[in-house]
Amino acid sequence: MFTKAAVLTALTAAAFAVAAPAQAETAVTTALPTANMEAVLKAAQIDPRRADDTQTPGAHDSVLLVEQALQAKGLLASTYVDGYFGTTTIAAYSQYQKSLGYTGIDASGLPGKTSLETLGEGRYTVTNPISAGSHVTYHGVTLNTRTKAMLVAAEGIFGSSVSLTQGSYNPGGVDASAGTHDGGGAMDISVSNLSSTSRTNLLKALRKVGFAAWLRTPAQGFAYHIHAMAISDPDLSSGAQHQTGDYYLGLNGLAGRGADDGPAVTKVTWEEYQRG
């Protein structure tokens with residue numbers, strides 16, 4: 001026969017047993033998708049220079065996230081939300097940068113880390129970020145820390161230091177440069193004391209670490225020099241973006257868009273070179 005106390009104890013235990021699962025429930029959070037900045041930057045340089053809508057390998061998913069975010073802000077029509085970072089997406093991204101208060105090269109349509117992260121708030125997170133770094137003086141000209149590190153690595157491969165005749169962040173510099181030195185990642189190298197073989201070896205070294213680099217000649221309208229652009233530098237001017245994109249497409253970076261006349265080297269960015 002059960003006592004009143006025993007019945008109350010059993011009822012209390014049963015109540016706690018029923019309530020326990022509800023107390024154990026925890027909130028479930030869904031991780032945001034990731035946009036790879038390296039892939040987005042590469043696509044933003046190459047896709048606008050293509051004659052068709054071929055997409056940059058490995059960039060589709062990340063570019064699509066960026067385009068969806070631009071569409072959500074009313075800056076990009078759904079027709080262009082396709083994973084292809086073409087001229088329309090460049091223009092939309094430039095509009096977004098301007099809406100944040102950016103001007104000049106900072107609103108060129110080439111994504112930077114801060115704007116890419118701000119655009120993705122609540123939609124995606126940014127992986128593989130790239131930074132141009134601060135402005136420094138190297139060999140008497142202005143570069144950014146990323147470009148300087150790349151040049152130091154190339155000089156190590158080449159086995160000698162080089163002489164720079166023009167650096168970066170030089171708006172209105174040499175007329176023949178057509179604005180490619182207005183932003184970051186750009187430099188011109190003197191070859192006056194180099195043999196033909198040494199010039200080729202230097203070009204190879206520059207390309208191996210992530211530069212789009214060519215020998216400019218009098219036949220092209222220039223004094224002999226090497227023109228080099230750091231691929232995927234977030235501070236590239238619009239003209240420099242076009243040149244790096246053309247480099248990937250096997251072109252010479254000039255207005256006539258002729259065939260690349262430099263040494264054949266596997267095309268990599270600085271970050272890819274560092275990873276080996």
Task: Cβ crowding within 10 Å averaged over residues, with 191-199, 178-186, 86-94 ranked highest first - done: 178-186, 86-94, 191-199
- [ ] Would you mind checking which residues have amide H under 5 Å from Leu251's amide H? H placed 1.01 Å from N; only 5 or more apart, or other chain.
- [x] Asp260
Open item on the list: With +1 on the Cβ of every Lys and Arg and -1 on the Cβ of every Asp and Glu, and nothing else charged, how large is the dipole of region 34-127 about its Cα centre, in debye rounded to the nearest 20?
Closed with: 200
- [ ] Would you mind counting up the charge near Gly86? Only other residues with Cβ under 11 Å from its Cβ, with Lys and Arg at +1 and Asp and Glu at -1.
- [x] -3
Open item on the list: With an 8 Å Cα cut-off and a minimum separation of 6 or more residues, compute the relative contact order for region 85-188 in percent.
Closed with: 18
TODO: Quote the relative contact order of region 135-275 in percent (integer), defining contacts as alpha-carbon pairs under 8 Å separated by 6+ residues.
DONE: 22
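Rg to Rh ratio, the chain, alpha-carbon atoms and Kirkwood radius?
Value, to two decimals: 1.27.
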Task: Environment charge of Leu215, counting only residues whose C-beta is closer than 13 Å and scoring Lys/Arg +1, Asp/Glu -1 - done: +1
Open item on the list: Using alpha carbons only, how many angstrom separate the centre of region 240-276 from the centre of region 76-115?
Closed with: 22
Open item on the list: Quick check: from the Cα gyration tensor, does region 123-174 come out rounded (a/c under 1.5), prolate or oblate?
Closed with: oblate
Open item on the list: Could you check the spin-label model distance between Asp261 and Ser195? Points 7 Å from the Cα along Cα→Cβ, value in nm.
Closed with: 2.2
Task: Computed [θ] at 222 nm, deg cm²/dmol, the chain (DSSP H ≥ 4; -39,500 (n - 2.57); rounded to nearest 500) - done: -12000 deg cm²/dmol
Task: Summed residue charge, Cβ within 14 Å of Pro263's Cβ, Lys/Arg positive, Asp/Glu negative - done: +3
- [ ] Set the Förster distance to 25 Å, then compute FRET efficiency between Thr54 and Ala91 from the Cβ-Cβ distance, nearest 0.05.
- [x] 0.80
Open item on the list: What whole-number volume per residue, in cubic angstrom, does the convex hull of the C-alpha atoms of region 34-127 give?
Closed with: 81
Task: Unit Cα scatterers, Debye sum, region 79-194: log10 I(q)/I(0) for q = 0.10 Å⁻¹ - done: -0.41
TODO: Would you mind giving the average projected area, over all directions, of the Cα convex hull of region 135-275 in nm² with one decimal?
DONE: 7.5
Open item on the list: Please list Arg49, Arg207 from largest to smallest accessible area, probe radius 1.4 Å, with all protein chains kept in place.
Closed with: Arg49, Arg207
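If R0 is 30 Å, what FRET efficiency do you get for Ser160 and Ser131 from their C-beta distance, rounded to 0.05?
Here the calculated transfer efficiency is 0.60.
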Open item on the list: Just to be sure I understand: if I project the alpha-carbon convex hull of region 214-276 onto a plane and average over all orientations, what area do I get in nm²?
Closed with: 4.7
TODO: Note down the relative contact order for the chain as a percent, whole number, built from C-alpha pairs under 8 angstrom at least six residues apart.
DONE: 16
TODO: Anything in the chain that counts as a DSSP H helix reaching 20 Å or more along its axis (C-alpha) with Kyte-Doolittle mean of at least -1.0? List them, would you?
DONE: 4-24
Task: Cross-link table Lys208/Lys267; Lys42/Lys98; Lys42/Lys73; Lys42/Lys267; Lys73/Lys98; Lys98/Lys148, entries beyond 19 Å C-alpha to C-alpha - done: Lys42/Lys98; Lys42/Lys73; Lys98/Lys148
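The values are calculated or read from the model by the stated rules, or taken from the named source; none is laboratory data. Fair warning: this is a prediction, and the values are worked out from it, not measured in the lab. For neighbour counting, all protein chains shown are included, and Cβ atoms are generated from backbone atoms with ideal geometry for every residue, glycine included. When the accessible area is computed, the model is the full protein with side chains, heavy atoms only, and any ligands, DNA or RNA have been set aside. Shrake-Rupley method; radii C 1.70, N 1.55, O 1.52, S 1.80 Å.
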